[in-house]
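Okay, structure first, notes after.
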Amino acid sequence: MIRVCSACSNVDLEKLRDVVFEEDLEIGCIGECGQHDDKVFGYIDDLLVIKDNHEEFIEAVRAYTMQ
């Protein structure tokens with residue numbers, strides 16, 4: 001399960017939807033607002049993943065989904 005916040009995760013949701021099935025994606029508050037400014041972040045299963053840019057986050061998601 002991939003969980004991101006549309007308000008603060010700084011994730012391009014359309015690009016994320018290109019690599020994650022909709023049933024494996026949860027968009028909503030993840031309780032991290034204001035804690036990771038200028039980073040791209042979200043939960044992959046129960047692990048908070050914080051990356052410097054969107055491409056790095058998408059690569060982490062891809063690596064997870066290919067397991």
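The values are calculated or read from the model by the stated rules, or taken from the named source; none is laboratory data. Since this is a predicted model, take the numbers as computed values, not measurements. Backbone-built Cβ (ideal geometry, glycine too); neighbour counts: all protein chains shown.
Which numbered condition trips up residue 56, out of (1) touching a strand residue (DSSP E or B) at 6+ places or on another chain (Cβ under 9 Å); (2) modelled with pLDDT of 95 or more; (3) closer than 14 Å to residue 3 by Cβ; (4) part of a helix (DSSP H, G or I)?
(3)
Can residue 47 be described as within 9 Å of the chain's Cα centre (by Cα) and of a type in the set (A, V, I, L, M, F, W, C)?
no
How about region 28-43: which of its residues are under 13 Å from residue 1 (Cβ atoms) and in contact with a strand residue (DSSP E or B) (Cβ under 6 Å, 6 or more places away or on another chain)?
30, 42, 43
Out of the residues in region 32-53 meeting the condition of being of a type outside the set (Asp, Glu) and modelled with pLDDT under 95, tell me which one is surrounded by the fewest Cβ atoms within 10 Å (Cβ to Cβ).
The extreme case among them is 34.
Are any residues in region 11-21 of a type outside the set (A, V, I, L, M) and either in a helix (DSSP H, G or I) or under 15 Å from residue 44 (Cα atoms) (or both), and if so, which ones?
Listed by number, the residues that qualify are 14, 15, 17, 18, 21.
With respect to residue 62, is the statement that it is at pLDDT 95 or above and either among the aromatic types (Phe, Trp, Tyr) or not in a loop (DSSP other than H, G, I, E, B) (or both) true?
No.
Determine whether residue 29 is part of a loop (DSSP other than H, G, I, E, B) and either buried (at least 18 other Cβ atoms within 10 Å of the Cβ) or at pLDDT below 95 (or both).
For residue 29, the condition - part of a loop (DSSP other than H, G, I, E, B) and either buried (at least 18 other Cβ atoms within 10 Å of the Cβ) or at pLDDT below 95 (or both) - is not met.
Report, by residue number, each residue of region 29-45 that is in contact with a helix residue (DSSP H, G or I) (Cβ under 9 Å, 6 or more places away or on another chain) and of a type in the set (Phe, Trp, Tyr).
41
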